[in-house]
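Chemist: Please read through the structure below; I'll follow up with questions.
The values are calculated or read from the model by the stated rules, or taken from the named source; none is laboratory data. For clarity, every value in this text was computed on a predicted model and none was experimentally measured. Cβ atoms come from the backbone with ideal geometry, glycine included; neighbour counts cover every protein chain shown. The protein model used for the area step is the full one, side chains on, heavy atoms only, and it has no ligands, DNA or RNA in it. Shrake-Rupley method; radii C 1.70, N 1.55, O 1.52, S 1.80 Å.
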Amino acid sequence: MNHISFIGLGHMGNPMAQNLLKAGFQVTVYDVMSSAIQSLAEKGAIPAKSLADAAKNADVIITMLQTGQQVSGVCLPDNGLFAHAKKNVLYIDSSSIEIDTTRSLHKKAEEHGIAMVDAPVSGGTAGAEAASLTFMIGGSEANFLRAKPILEKLGKKIVHAGSAGNGQAAKICNNLILGISMLAVSEGFSLGQKLGLDPKKFFEISSNASGQCWSMTSYCPVPGIVEKAPSNNNYQPGFMAKMMLKDLRLGQHAAEGVNANIPMGAEAAELYALYVNRGFGEMDFSGIINMISGNQD
């Protein structure tokens, strides 16, 4: 399993493909943006002319795209990946998409003799660059074991979440928690400042008390506290607000399908949507939260 084709070379896909090259794999790359292909070709990747070209010789195919429609669009057409992939190729989809779309893709993959896992990630662009992502895997045990050695070159934690679609389920639930907890952290800082608390002193207290969480200690939305957080880089993503909104909406869609009640997730999605619709979707999501909480204009 030495020849990997990687489709989707955006903020996450580009550094992931680079790490596969560094690990010694032969990597073919494809993207709708020719400049993205060229940037990886200059680092040693093989440029593909089409999806069919990317699929035909691959032992492993990885996609990192933004929507379920995009993933279906590269996999299912007559000129797509599934129609031109070798039998028993391993297909890893690291996109964050709808659970029902993912489970449908698993069925189509099986019909084509393709071994598939859904493997969404957590860790953002920093994790992609540092090969420290967390992967949440859905699919059979056998397919998970095939994927694990490859994903270990891209991440620090590889967890088998269960059957087809369970990787997406884990990602949706994780980001539901993240979106809500970031709101709580930013509101706490906002209230503290209005009450006369120095933000650094509040961080020192809360990060070592019951308010401690990843949103506080690793991704603090207030500048000047956590060195590598986007708040110290003018809220450059990181994780774009429009992508967090997408994930929160995926959570709502999933909840509707199983009659689950997620009122805080719904409220968070509405707040994100307000600012994304105002043109702040490209900002890191922690910056949107900071505006929602009144810490900046």
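Chemist: Roughly how much of residue 51 is accessible, in Å² to the nearest 10, using a 1.4 Å probe?
Modeler: 30
Chemist: Short version: ³J(HN,Hα) in whole Hz for each residue of the range 85-99, in order, from phi by Karplus 6.51 cos²θ - 1.76 cosθ + 1.60 (θ = phi - 60°), x for Gly and Pro, what are they?
Modeler: These are the phi-based 3J(HN,Hα) values: 6, 5, 4, 6, 4, 8, 10, 10, 9, 9, 5, 9, 9, 5, 5 Hz.
Chemist: Something else about it: Quick check on packing: order 238-246, 262-270 by the mean number of other C-beta atoms within 10 Å, highest mean leading.
Modeler: Per-residue mean Cβ counts within 10 Å order the peptides as 238-246, 262-270.
Chemist: Evaluate 2.2 N^0.38 Å with N set to the residue count of the range 119-238, then give the Cα radius of gyration divided by it. Provide the component values of the computation, followed by the final result.
Modeler: Numbers: Rg = 17.1 Å, N = 120, 2.2 N^0.38 = 13.6 Å.
It is 1.26.
Chemist: Would you give the gap between the C-alpha center of the range 198-238 and the C-alpha center of the range 45-117, rounded to a whole Å?
Modeler: Their Cα centres are 38 Å away from one another.
Chemist: Just to verify a number: FRET efficiency for residue 212 and residue 236, C-beta to C-beta distance, R0 = 25 Å, to 0.05? Before the final figure, lay out the partial values.
Modeler: Working: r = 26 Å, r/R0 = 1.02.
E between residue 212 and residue 236, to the nearest 0.05, is 0.45.
Chemist: Could I ask something else about it? Percent of Cα-Cα pairs per 5 Å bin, from 0 to the last occupied bin, for the range 182-297, please list those.
Modeler: Computed distribution, short to long bins: 2, 12, 21, 23, 18, 14, 7, 3, 1, 0.
Chemist: I'd like to compare 181-189, 146-154, 72-80: which one has the highest average count of other Cβ atoms within 10 Å, and what's the full order after that?
Modeler: On the way: 181-189: 21.4, 146-154: 18.9, 72-80: 16.1.
Answer by packing, highest mean first, reads 181-189, 146-154, 72-80.
Chemist: Rounded to the nearest percent, how much of the accessible area of the chain (1.4 Å probe, protein heavy atoms only) is carbon and sulfur?
Modeler: Numbers: 7070 of 13690 Å².
Result for the chain: 52 percent of the exposed heavy-atom area is carbon or sulfur.
Chemist: Here's a follow-up. Of the listed pairs 49/86; 86/171; 148/171; 148/228; 200/228; 148/246, which have alpha-carbon separations greater than 22 Å here? Write out the running numbers ahead of the final one.
Modeler: Details: 49/86 18 Å; 86/171 29 Å; 148/171 17 Å; 148/228 28 Å; 200/228 15 Å; 148/246 27 Å.
In this structure, 86/171; 148/228; 148/246 lie more than 22 Å apart at Cα.
Chemist: Okay, helix-only estimate at 222 nm for the chain: each DSSP H run of n ≥ 4 adds -39500 (n - 2.57), divide by all residues, round to 500 deg cm²/dmol; what do you get? Don't skip to the end; give the middle numbers.
Modeler: Numbers: 14 runs with 145 residues, N = 297.
Taken over the chain, the calculation gives -14500 deg cm²/dmol.
Chemist: Taking amide hydrogens as modeled 1.01 Å from N in the peptide plane, which residues meet the under 5 Å criterion relative to residue 58, leaving out close sequence neighbours?
Modeler: For residue 58, the qualifying residues are 86.
Chemist: Quick one, can you get me the convex hull of the C-alpha atoms of the chain expressed as volume per residue in Å³? Write out the running numbers ahead of the final one.
Modeler: Details: hull volume 39.2 nm³, N = 297.
Per-residue hull volume (Cα only) is 132 Å³.
Chemist: Can I ask one more? Starting with the highest mean, order 32-38, 99-105 by the number of other Cβ atoms within 10 Å, averaged over the residues of each peptide.
Modeler: Result, highest mean first: 99-105, 32-38.
Chemist: Applying the Karplus parametrisation 6.51 cos²θ - 1.76 cosθ + 1.60 with θ = phi - 60° to the phi angles of the range 191-204, what ³J(HN,Hα) value in whole Hz is obtained for each residue in order, glycine and proline being reported as x?
Modeler: Going residue by residue, I get 5, x, 5, 5, 8, x, 7, 5, x, 5, 5, 5, 4, 4 Hz, with x marking Gly and Pro.
Chemist: Kindly write out, for the range 117-125 in residue order, the coupling ³J(HN,Hα) from the Karplus curve 6.51 cos²θ - 1.76 cosθ + 1.60 (θ = phi - 60°), rounded to whole Hz, with x marking Gly and Pro.
Modeler: 10, 8, 9, x, 10, 10, x, x, 5
Chemist: Evaluate 2.2 N^0.38 Å with N set to the residue count of the range 5-153, then give the Cα radius of gyration divided by it. Write out the running numbers ahead of the final one.
Modeler: On the way: Rg = 13.8 Å, N = 149, 2.2 N^0.38 = 14.7 Å.
Its radius of gyration relative to the 2.2 N^0.38 Å reference: 0.94.
Chemist: If you take the alpha carbon radius of gyration of the range 210-255 and divide it by 2.2 N^0.38 Å, what ratio comes out, to two decimals?
Modeler: Working: Rg = 12.9 Å, N = 46, 2.2 N^0.38 = 9.4 Å.
Rg over 2.2 N^0.38 Å, computed on Cα atoms: 1.37.
Chemist: Can you say what percent of the DSSP beta bridges in the chain, counting only those with both residues inside, are antiparallel? Round to 5.
Modeler: If we restrict to bridges inside the chain, about 15 percent are antiparallel.
Chemist: Amide H to amide H under 5 Å from residue 29: which residues, 5+ apart in sequence or cross-chain, H placed 1.01 Å off N in plane?
Modeler: Placed amide hydrogens put 6, 46, 48 under 5 Å from residue 29.
Chemist: Accessible area per residue for the chain in Å², computed with a 1.4 Å probe and the full protein assembly in place, what is it? If you can, show how the numbers build up before the last one.
Modeler: Working: 13690 Å² over 297 residues.
Roughly 46 Å² per residue, with all protein chains present.
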